[in-house]
Amino acid sequence: MEAGNPCQEYQRRKRWFWTFFFGFPVFTVILNESLGLPFSYIVPLYVVLHIAIGNWFANFPCPRCGEPFHSGYWFNLPYHNDFAAKCVNCGLPKWANDWTEKNEEKDKGDSVH
């Protein structure tokens, strides 16, 4: 993950995703008018870029456990929730004050006595 505040990194990824999602009409007009690309070329390009940006946002690592914040497993089945209010793996609330702190309880359980 990039250096800096995890909350700011999450916000940055979210802004990129939603700007690109709602910017489709502007994206289409700019490419059509400036480059003369037909709609049949613009849509596949947009879809590929949208998938890439969506995966980048969806795989934001939880600052506490390091697992993807929105993805996990539920009864050994893949689970994903883009609107989760807390990490689906360790339960860290989305806007918690301790985003930069390590999960000390989890670290204690991993040590061998």
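What to note about this one:
- Subtracting the Cα-Cα distance of residue 40 and residue 22 from 0.36 nm times their residue separation leaves 4.6 nm of extension gain.
- Debye log10 I(q)/I(0) at q = 0.15, 0.21 Å⁻¹ for the range 1-60, Cα point scatterers: -0.52, -0.80
- Given their separation in residues at 0.36 nm each and the Cα-Cα distance between them, residue 84 and residue 15 gain 23.2 nm when the chain is fully extended.
FYI, it's all coordinate maths here, none of it is from the lab. The structure displayed is predicted, hence computed values, not measured ones.
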